[in-house]
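The values are calculated or read from the model by the stated rules, or taken from the named source; none is laboratory data. On a predicted model such as this, the values are computed, not experimentally measured, just so you know. Cβ: placed from backbone, ideal geometry, glycine included. Neighbour counts: every protein chain shown.
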Amino acid sequence: MNDSLTKLRLSKDLNIESLSSGKYSVFVGSTKKSYVIGQNEYNIMCMLDECGSSSLINKKTGYYSEEQLEKLVQFFLKNGIAENGDVHKKRIVKDGFFKFKVSLLNGNKLFRSDSFMVKLFASIILYASLPVLIIGTILAFNNDSDVLKSVTHAFKNCPVYVYPILFFFLVMLHEAGHAIVTRSLKIPVSEIGLLIFIFYPVVYTNISFSRLLKKRRDRLKCLLAGIFTNHLITGASLAFIGIGANGIMRDILYVNAVINLLITLTNLIVFFKLDGYFILQDFIGIPMLYETSINSFISKLFTPVAYLRMRKAKKENVTISSLASGTFYNSESGGSYDLFYIVYGGLCFSYIPFMLLSFALTIINIRR
């Protein structure tokens, strides 16, 4: 037995929560990866600091053979669950070409699943957002005979600095909505952070463990919570307009409502990994839909490139289910969806260039 554990310790940036059926969620902050492990793996993980060597752990447990225990230890090491004493922490993690993730908040600590306020706000988001949106819209249209003209006036008169402030605040509330509803269903939310794409920052919430919910209705609650939050804010803004808000406050409320609408529409796009994409993936039931589709599309154009991408994807699909039943990570289901993969992958691949071209043509036409 290799006593490589002598210089090892449990990673200090783990976020661990107990799930049902003796399983545990493990989020590794240094790599931004999420795992689900069984009771036996959890017990071994907890003994790393206490024992300090594979041989001592093996004497205290009878879960695995020496070979299996060493494989589990190596898995912990490779995936950041365990670390060497002199390992330098990664504050910013690369997540693909020109994409980096920066952790900001721990959703489990910020929103406790047993908190009355979390349950209350979750109920408001899920069940009051659409009624408030409908009532607010009716009030605004009853009070304003020409809403379109008022919106145009609002964007002309609202101070420029208000736009980025409102946008950032509303995106944060959108992500908080995801976290609150997910936590109300007793599912871990290990991280709220920034995804930096080139130089453009996007706030995100890690609700990957929501896939453990057995009912699709509950999974959809988590995925739609951000959009429902935007609906709630839009409805409240329109309601204040409807009951008589005026002046600069009226303009800000109109701008606020429009930005919320844009955030909602953007998140319904299925060609990026936004809310709409994950909803589509859940309905179709195909894990890794985006990656699989892009690989299928590229394989028709650049076979060598697709081969390299598929090799990388296979390396990332780690499994430790052979060590304990019921333990899994990134399992994939097969299916004959070749045509769908190619079409959807082509749309995903061409969406950004198409949007950039449309934007450029629009600017050119405006200048003319």
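Of all residues in segment 178-215 being closer than 18 Å to residue 126 by Cα and among the small types (Gly, Ala, Ser), which is modelled with the lowest pLDDT?
Per the criteria, the residue is 210.
I want to confirm something. Restricting to segment 235-289 and keeping residues that are of a type in the set (Gly, Ala, Ser) and outside any helix (DSSP H, G or I), which single residue is farthest from the chain's Cα centre (by Cα)?
Taking the candidates together, the pick is 244.
Every residue in segment 155-177 that is basic (Lys, Arg) and part of a loop (DSSP other than H, G, I, E, B), please.
none
Evaluate the following for residue 133: is it touching a Gly at 6+ places or on another chain (Cβ under 7 Å) and either modelled with pLDDT of 85 or more or closer than 18 Å to residue 178 by Cβ (or both)?
yes
Checking the structure you have, find out if any residue of segment 188-210 is farther than 17 Å from residue 275 by Cα, surrounded by 24 or more Cβ atoms within 10 Å (Cβ to Cβ) and out of contact with any Gly (no Cβ under 7 Å at 6 or more places or on another chain).
Among the residues of segment 188-210, at least one is farther than 17 Å from residue 275 by Cα, surrounded by 24 or more Cβ atoms within 10 Å (Cβ to Cβ) and out of contact with any Gly (no Cβ under 7 Å at 6 or more places or on another chain), which makes the answer yes.
Among the residues in segment 142-150, are any of a type in the set (Gly, Ala, Ser), in the same structural domain as residue 253 (by TED's automatic domain parsing), at pLDDT below 85 and not in a loop (DSSP other than H, G, I, E, B)?
Taking every residue of segment 142-150 in turn, none turns out to be of a type in the set (Gly, Ala, Ser), in the same structural domain as residue 253 (by TED's automatic domain parsing), at pLDDT below 85 and not in a loop (DSSP other than H, G, I, E, B).
For segment 29-51, check the following and say yes or no: at least one residue is within 26 Å of residue 195 (Cα to Cα), in contact with a strand residue (DSSP E or B) (Cβ under 7 Å, 6 or more places away or on another chain), modelled with pLDDT of 80 or more and small (Gly, Ala, Ser).
Yes, segment 29-51 contains at least one residue that is within 26 Å of residue 195 (Cα to Cα), in contact with a strand residue (DSSP E or B) (Cβ under 7 Å, 6 or more places away or on another chain), modelled with pLDDT of 80 or more and small (Gly, Ala, Ser).
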